[in-house]
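Working notes for the structure below.
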Amino acid sequence: VQLQASGGGLVQNGNALRLSCAVSGRASDINSVAWFRQAPGEERGFVAARRARNSFYADSVKGRFTISRDNAENMVYLQMNSLKPEDTAIYFCAADPRNWIASALRDAESYAYWGQGTQVTVSS
């Protein structure tokens, strides 16, 4: 399985952006997908995850970000609305064949496959 993230860029405070993650290879084996982000000088942190029809979010993005998955197109998306400067980071998509419980979905160690990251910069 290979993941290719795209869609990052420079946006102003309050604007929106949609990230995409193309899943190739044995995409049908994937059950858990997620987005993580890493700001300069910080550890990689959980943003959002999806397993079956259930979605999970970090408190900092709840109500602003939406994760979705298009199985027909083998794509995972992260719609980011009302962006803030503190959302500035490199965003990574992740995937794993296992059906993780909610707590494990938030752990980067749960994911076997990772994309290369896409930079999101929100100006104030």
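Worth pointing out:
- Gaussian network model of the chain, Cα within-10 Å springs - most flexible of Gly41, Gly63, Gly25: Gly41
- A simple rule links phi to the HN-Hα coupling: the Karplus curve 6.51 cos²θ - 1.76 cosθ + 1.60 with θ = phi - 60°, which for segment 70-83 gives 10, 5, 5, 9, 6, 10, 10, 10, 9, 7, 10, 10, 6, 5 Hz, with x for Gly and Pro.
- Accessible area per residue in Å² at 1.4 Å probe, computed on the chain: 52
- Largest to smallest accessible area among Asp29, Asp87 [probe 1.4 Å]: Asp29, Asp87
- The mean sequence separation of alpha-carbon pairs under 8 Å and at least six residues apart, normalised by the residue count of the chain, gives a relative contact order of 37 percent.
- Whether segment 85-124 is rounded, prolate or oblate, judged on the alpha carbon gyration tensor where a/c under 1.5 counts as rounded: oblate
- Extending 7 Å from the Cα toward the beta-carbon at both Asn31 and Asn15 defines two label points whose distance is 4.0 nm.
- Estimated FRET transfer efficiency (Asn99, Thr121; beta-carbon r; R0 35 Å; 0.05): 0.55
- Here the accessible area of the chain is 44 percent carbon and sulfur, with a 1.4 angstrom probe and all protein chains present.
- The GNM of the chain, with springs linking C-alpha atoms under 10 angstrom apart, assigns the highest mean-square fluctuation among Leu78, Leu105, Leu17 to Leu17.
- Qualifying GluC sites (Glu not before Pro) in segment 27-124, DSSP loop, other Cβ atoms within 10 Å at most 10: Glu42, Glu43
- Where trypsin sites (Lys or Arg not before Pro) in DSSP loops with at most 15 other Cβ within 10 Å are excluded, longest remaining stretch of the chain: 65-97
- Helix-derived mean residue ellipticity, 222 nm - over the chain, DSSP H n ≥ 4, -39500 (n - 2.57), to 500: -500 deg cm²/dmol
- For segment 107-124, putting each phi into the Karplus relation 6.51 cos²θ - 1.76 cosθ + 1.60 with θ = phi - 60° gives couplings of 9, 4, 5, 7, 10, 8, 10, 9, x, 8, x, 9, 7, 10, 10, 10, 8, 8 Hz, in residue order, rounded to whole numbers and with x for Gly and Pro.
The values are calculated or read from the model by the stated rules, or taken from the named source; none is laboratory data. These figures come from a predicted structure and were not determined experimentally. Quick reminder, even Gly has a Cβ in these numbers, built from the backbone with ideal geometry, and neighbours come from all protein chains shown. Surface areas here come from the heavy atoms of the whole protein model, side chains and all, with no ligands, DNA or RNA. Shrake-Rupley method; radii C 1.70, N 1.55, O 1.52, S 1.80 Å.
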